[in-house]
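Pasting in a structure now, in structure tokens, and then I'll have a few things to ask.
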Amino acid sequence: MSSDLAGVWEVALSDGVHRIEFEHGTTTGKRVIYVDGKEVLRRDWMFKLVGKETFSVGQADTKATINIDAVSGFAYEYTLEINGKSLKQYMENRSKVTSTWLLNLDGIDCRVVLEKDTMDVWCNGEKIETAGEFVDDGTETHFSLGDHSCCVKAVSSGKRRDGIIHTLLVDGTEVAECTE
């Protein structure tokens, strides 16, 4: 890493939290993007110092764009967009379409993510094989983490505004959902 580091962002996706770092050499025109410490884009000797750079993040190749705008003189502003939305908008929308739980199983930290639209379950970056079933009060999505039996219960809140409530049970014990 050089001293041209202009921006660092943490982006939570289903396959994990990714760190995006952006270097911008305002004298050389250099632009370098790192995702999780790995260089994914490099441009040297760019004469135009403003603009945008697009790249992908994570296993699902989520589209990310860094916008470079001149603020005044030789000051620049850097903003990150994910799937065409500002990072803030993306994260707000993401909290509506996913549920995330952080737990420790047998000494291993686990980040379990449920994608509510597809009912896909991810754990520490790996998509988990699941079995869904309809039950009297909603649905249950069963899967295993190591030797542990897990289930995501989806039940109606009874209130239209709140929608469906998703609860993770590990060996029959409820795990509190976290906000990212």
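The values are calculated or read from the model by the stated rules, or taken from the named source; none is laboratory data. None of these values were measured; they are calculated from a predicted model. Using ideal geometry, Cβ is built from the backbone for each residue, glycine included, and neighbour counts are taken over all protein chains shown. Accessible surface is based on the protein model in full, side chains and every heavy atom, while ligands, DNA and RNA are left aside. Shrake-Rupley method; radii C 1.70, N 1.55, O 1.52, S 1.80 Å.
Sort out which residues of segment 26-53 are of a type outside the set (Lys, Arg), farther than 28 Å from Asp109 by Cβ and surrounded by 18 or more Cβ atoms within 10 Å (Cβ to Cβ), and write them in order of number.
At the first step, the residues of segment 26-53 found to be of a type outside the set (Lys, Arg) are 26-29, 32-37, 39-41, 44-47, 49-51, 53.
With farther than 28 Å from Asp109 by Cβ added as a condition, the list becomes 26-29, 32, 41, 44-47, 49-51, 53.
Correct list: Val32, Glu53.
Still on this structure, please answer the following. How many residues are of a type in the set (S, T, N, Q) and open to solvent by 30 Å² or more (accessible area, probe 1.4 Å) when one looks only at segment 1-25?
The number of residues fulfilling the criteria is 2.
Another question about this same structure. Within segment 59-89, work out how many residues are touching a residue at least 60 places away in the same chain (Cβ under 8 Å) and assigned to a helix (DSSP H, G or I).
1
If you don't mind, there's one more thing I want to ask. Kindly list the number of the only condition in (1) within 30 Å of Phe22 (Cα to Cα); (2) in contact with a Cys (Cβ under 7 Å, 6 or more places away or on another chain); (3) modelled with pLDDT of 95 or more that fails for Val40.
(2)
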